[in-house]
Amino acid sequence: MAEPLRIALAGLGTVGAGVVRLLHTNAALVGARAGRDIRIVAVSARDRSRDRGVDLSAFDWCDDMTAMAARPDVDAVVELVGGADGPALTLARAATREGKALVTANKAMIAHHGLALAQAAEEAGVPLKFEAAVAGGIPVIKGLREGAAANHIGRVQGILNGTCNFILSAMEQSGRDFADVLAEAQALGFAEADPSFDIDGIDAGHKLAILAAIAFGARLDFAHVSCGGIAQVRAADIARARDLGFVIRLVGEADIDVGAQRLLQRVRPCLVPRAHPLAHVDGATNAVVAEGNFSGRLLFQGAGAGDGPTASAVVADLIDIARGESHPAFSVPVGRLAAMQPAEPGDRLGRSYIRFTVADRPGVLAEITAAMRDAEVSIESLIQQGQPNAEGDVLVAMVTHEGPEQCVTRALELLSGAASLTAPPLVLPLLEA
């Protein structure tokens, strides 16, 4: 058997400890499939004394994790520290500079700095791998970059954040409102103490930008990902969606205007028809749907986070490196990625669910419908809640006929500042099955 692949591991949190555990438990299997052993030689983390539930005694402990990249007994660096910048980025740059392969689960760093890191890796002739950065243990990056390589991908859609999916699924099953379920998710460890990156759609936006670059051969462009979150979704919206034959999910979606080569990337809560594969993704699960011109619809689904699934993706990348497999990080060399302008969504046709929170007084419905008429929005159905809530507000929900998105935007502009609206309206697009 060939010489072992020697790795330095930075970050010993949930995923880092999972990598140590996996390489120990499945050592024979991993070695057989990689063609050689994969061996940790050095580790680094902030707290040396913390009990992580794994034996670290066989590894050198390095207080300066960046120095691990320069060690002559290291072939590959695994970065599991996290954060778009700071120590993680410093280590990643050092690894490629020292001619070491780099494996990371850091979606924020790849979304913001992936092109520069990929360029540096190409120039150094070393692999850059980040399967674990998107959808945990689901091999979606490998699936798009290799399994679907012969296809033009027309669209990518995905449930990319387990925290949001857990919250929306729990709201759907229990009838409770957002704040109550968020508190439960935090108590169970599914949501951070500060959950804003998750519930505001930023985390899903990072992952979507990476998927879009791979699927469409486009230069990574997180700056033009439109990110919306789920904090405005109420139990009443969940119930209305159910009555209409939909579920509500936070969906990341990317496609291109083929003629103009413009890229549309956005994350937003959507009404998903029950016939759509994403409608059946519950709890903290992730899923990605890609549509290839020859393969047809492809579905990747599984655990989107956790020590085992994410560690599995990290070690899968290490096995590729051990085998000598080195593909361009984004399917093609950085210099051949297309610089696509952001697409304008206003002319896109679609149906929308719009929910208004309004004062319980005469004339409100007439004001709303007049704005819809003036903006050329055709209303398919309209529901008004029977009784006002404790604040004296009622909910008015409608579904529009298919029409340009810019018309809905215009209608909300006409209603902006209206005294009868007591909270910002909620607009949820209806996905096609």
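Observations on the model:
- Pairs with Cβ under 6 Å, 6+ apart, first in the range 228-244 and not assigned by TED's automatic domain parsing to the domain that holds G201, second surrounded by fewer than 21 Cβ atoms within 10 Å (Cβ to Cβ) and among the aromatic types (F, W, Y): none
- Selection count where residues are of a type in the set (S, T, Y) and crowded, with 17+ Cβ neighbours inside 10 Å, scope the range 62-92: 1
- Positions within the range 317-350 being modelled with pLDDT of 95 or more, β-branched (V, I, T) and either under 26 Å from A223 (Cβ atoms) or in contact with a Cys (Cβ under 6 Å, 6 or more places away or on another chain) (or both), in sequence order: V334
- Any hit, the range 302-319, residues being touching a helix residue (DSSP H, G or I) at 6+ places or on another chain (Cβ under 6 Å), assigned to a helix (DSSP H, G or I) and more than 25 Å from A132 (Cβ to Cβ): no
- Scan of the range 1-16 for residues that are buried (at least 21 other Cβ atoms within 10 Å of the Cβ) and not in a strand (DSSP E or B), ordered by number: G11, L12, V15, G16
- Matching entry among V394, V364, V358, V377 (being farther than 26 Å from V247 by Cα and surrounded by 13 or more Cβ atoms within 10 Å (Cβ to Cβ)): V364
- Among the candidates A185, A150, A179, residue that is part of a helix (DSSP H, G or I), surrounded by fewer than 19 Cβ atoms within 10 Å (Cβ to Cβ) and assigned by TED's automatic domain parsing to the domain that holds I238: A179
- Residue match in the range 341-354 (condition: outside any loop (DSSP other than H, G, I, E, B), without any contact (Cβ under 8 Å) to a residue 24 or more places away in the chain and not hydrophobic (A, V, I, L, M, F, W, C)): no
- Among the candidates E413, E391, E376, residue that is at pLDDT 95 or above and assigned to a loop (DSSP other than H, G, I, E, B): E376
- Checking C164 against (1) in contact with a helix residue (DSSP H, G or I) (Cβ under 7 Å, 6 or more places away or on another chain); (2) farther than 17 Å from C227 by Cβ; (3) touching a residue at least 60 places away in the same chain (Cβ under 8 Å); (4) hydrophobic (A, V, I, L, M, F, W, C), the condition it does not meet: (2)
- Evaluating Y353 against the criteria (1) more than 24 Å from A239 (Cα to Cα); (2) at pLDDT 95 or above; (3) touching a Lys or Arg at 6+ places or on another chain (Cβ under 8 Å) leaves one unmet condition, (1).
- Cβ pairs under 8 Å, 6+ apart, first in the range 262-281 and within 19 Å of R297 (Cβ to Cβ), second aromatic (F, W, Y) and part of a strand (DSSP E or B): V272/F246; P273/F246; R274/F246; A279/F246
- Verdict on A121 being under 24 Å from L337 (Cβ atoms) and modelled with pLDDT of 95 or more: yes
The values are calculated or read from the model by the stated rules, or taken from the named source; none is laboratory data. This structure is a prediction, so every number in the text was calculated from the model and none was measured. Here the Cβ is made from the backbone with ideal geometry for all residues, glycine too, and neighbour counts use every protein chain on show.
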